[in-house]
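First the structure, in the form of structure tokens, and then the observations on it.
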Amino acid sequence: MLLVQGTGATAKDNWSWTYEPALNKLSIPWCQIDLPDHATGDIQINGEYVVYAIRTMYARAGRRIAIIGHSQGGMVPRWALRFWPDTRTMVDDVIGFAPSNHGTTQGAATCSDGSCSAADWQQWNISNFVKALNSSAETWPGISYTNVYTHTDEVVQPNLDDTGSSSLHTGGGRIANVAIQDICPADTNEHLLVGLVDPVAYALAVDALGHDGPADPKRVGPAVCAQQLQPGVNPATFPADSAAALADFADYQATELPAEPPLACYTTASCPASATGPGAKRCTRATRFTVHLRRLRGIRATLGGKRLRVHRRGRRLSVTVDLRRSGGQPVVLIVTGRTSRGRQVTITKTYRGC
């Protein structure tokens, strides 16, 4: 399980007293990433952190992973899936709590004076970032998307029904767009609480993780409406834990910019030949070639998510990379192993046939 925090928060603020204890109780292993600058900087950079996390976790786990994110954290994994196609075979579930999938109309109030953090500019519903994120398709085949939102969301708006910002509709993914009020009409938890302590959101997430496909609200019983906190939250320490997280969130001063950051060249396939990234034009004319590997213990290699045989010749290790079925799309070679001192190492290389 990969945990991705929301704008203005750290991973500790978002998860240490909420979903980390909850997942521990369920014996579900998890990892978290701490996006730079409390996730207030360029979300395109945050997307690259998510890409690296997906590849690393997939390589270590040897199976597809699930992602839980709050607010921006529920949306930014989709940036990774949109522009790094190799990650699509590595992800099983994307679960978003109040995700800003289509931005927010509140950007007009926040950024109209010409001074906003990069992430705020990009999450305005009219931003170039939002347009790029939702270009082509909103979801991808083989991935289940559970979008949990609340009608009382004061940050990501509109969210009055499943035509709002958080909900997804297009593409080949399996989608569930669920308001917490669909299950508990009297639930008034707003943007922050729905991703931290809300028991309905928790129940939907657990349902998605425990079943094939996205969450099904019909499997969440009405008893959840009597709960005040999701099981990962300690009622005794809740006041102090929430106050500390809120104080850290409120005290952080984000760097403000006069305009939205420009889109990266890979979003328009306009990168120069020397550039790197998923849209780079650099490619190899060789369709089948040998890659020599660093000597590691317990070495394991995958290409595009498929296991490769590691060849040993004396003390030299290598794999054969075959791009003939890649269709010109980038594929990622991931090599994992341990050094002689036991340190875990992950190496990634991207190849694309011309």
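With a ≥ b ≥ c the root eigenvalues of the C-alpha gyration tensor of region 46-105, is it rounded (a/c under 1.5), prolate (a/b larger than b/c) or oblate? Prolate shape, in that a/c is at least 1.5 and a/b is the bigger ratio.
Take the Cα radius of gyration of region 132-242 and divide it by 2.2 N^0.38 Å, N being the number of residues; the result is 1.11.
For K349, give me every one of the lysines with a C-alpha distance below 18 angstrom, ignoring sequence neighbours fewer than eight places off in its own chain. Straight-line reach from K349, under 18 Å: K281, K306. Under 19 Å of direct C-alpha separation, and excluding same-chain neighbours fewer than eight residues apart, K12 reaches these lysines: K25.
Under the classification rounded if a/c is under 1.5, otherwise prolate if a/b is larger than b/c and oblate if not, where does region 76-132 fall, given a ≥ b ≥ c as square roots of the Cα gyration tensor eigenvalues? Here region 76-132 falls in the prolate category. For region 136-239, applying the loop criterion from DSSP together with a ceiling of 13 other beta carbons within 10 Å to the trypsin sites (Lys or Arg not before Pro) yields no site.
Dividing the helix sum by the residues of the chain, where each DSSP H run of 4 or more adds -39500 (n - 2.57), gives a mean residue ellipticity at 222 nm of -7500 deg cm²/dmol. Region 136-171 and region 1-77 have Cα centres separated by 19 Å. When both region 194-268 and region 86-106 are represented by their alpha-carbon centers, they are found 13 Å apart. Normalised per residue, the accessible area of region 105-234 is 41 Å², obtained with a 1.4 Å probe and no contribution from ligands, DNA or RNA. Can you give the log10 of the normalised intensity I(q)/I(0) at q = 0.13, 0.15, 0.18, 0.20 Å⁻¹, computed with Debye over equal Cα scatterers of region 288-350? Taken in order of the listed q values, log10 I(q)/I(0) reads -0.34, -0.45, -0.63, -0.76. For the chain, the C-alpha radius of gyration divided by 2.2 N^0.38 Å, with N the number of residues, is 1.03. With kT/(6 pi eta Rh) evaluated at 20 °C and eta = 1.002 mPa s, and Rh the Kirkwood radius from Cα pairs, region 1-113 diffuses with a coefficient of 150 µm²/s according to Stokes-Einstein. What the phi angles of region 165-179 give under the Karplus curve with 6.51, -1.76 and 1.60, with θ = phi - 60°, is a coupling list of 5, 6, 6, 10, 9, 9, x, x, x, 8, 10, 10, 10, 10, 8 Hz, glycine and proline written as x. Largest GNM mean-square fluctuation across T146, T268, T302, computed for the chain with C-alpha springs under 10 Å, falls on T268. For the pair C225 and S270 in one chain, pulling the backbone fully straight at 0.36 nm per residue adds 11.1 nm over the alpha carbon distance. Residues whose amide H lies under 5 Å from that of G171, counting only those 5 or more places away or on a different chain, are E138, T139; hydrogens are built 1.01 Å from N in the peptide plane.
For region 192-257, the square roots a ≥ b ≥ c of the C-alpha gyration tensor eigenvalues yield an a/c of 1.5 or more together with a/b not exceeding b/c, which makes the shape oblate.
Note on the chain: GNM, Cα springs under 10 Å; of F289, F97, F83, the largest mean-square fluctuation is that of F289.
Which translational diffusion coefficient, to the nearest whole µm²/s, is obtained for region 112-177 from the Stokes-Einstein equation, given a Kirkwood hydrodynamic radius over C-alpha pairs, 37 °C and 0.692 mPa s? So the translational diffusion coefficient is about 248 µm²/s. A compact globular protein would have a Cα radius of gyration near 2.2 N^0.38 Å; the ratio found for region 1-59 is 1.14. Calculate the spin-label point distance for D34 paired with R312, positioning each point 7 Å from the Cα along the beta-carbon direction, and give it in nanometres. The answer from the label model is 3.9 nm.
The GNM of the chain, with springs linking C-alpha atoms under 10 angstrom apart, assigns the highest mean-square fluctuation among V291, V50, V91 to V291. Summary value for the chain: 16 percent relative contact order, contacts being C-alpha pairs under 8 angstrom separated by 6+ residues.
The values are calculated or read from the model by the stated rules, or taken from the named source; none is laboratory data. As the structure is a computational prediction, the values presented were derived from the model and not from experiment. Using ideal geometry, Cβ is built from the backbone for each residue, glycine included, and neighbour counts are taken over all protein chains shown. With ligands, DNA and RNA removed, areas are computed over all heavy atoms of the protein, side chains included. Shrake-Rupley method; radii C 1.70, N 1.55, O 1.52, S 1.80 Å.
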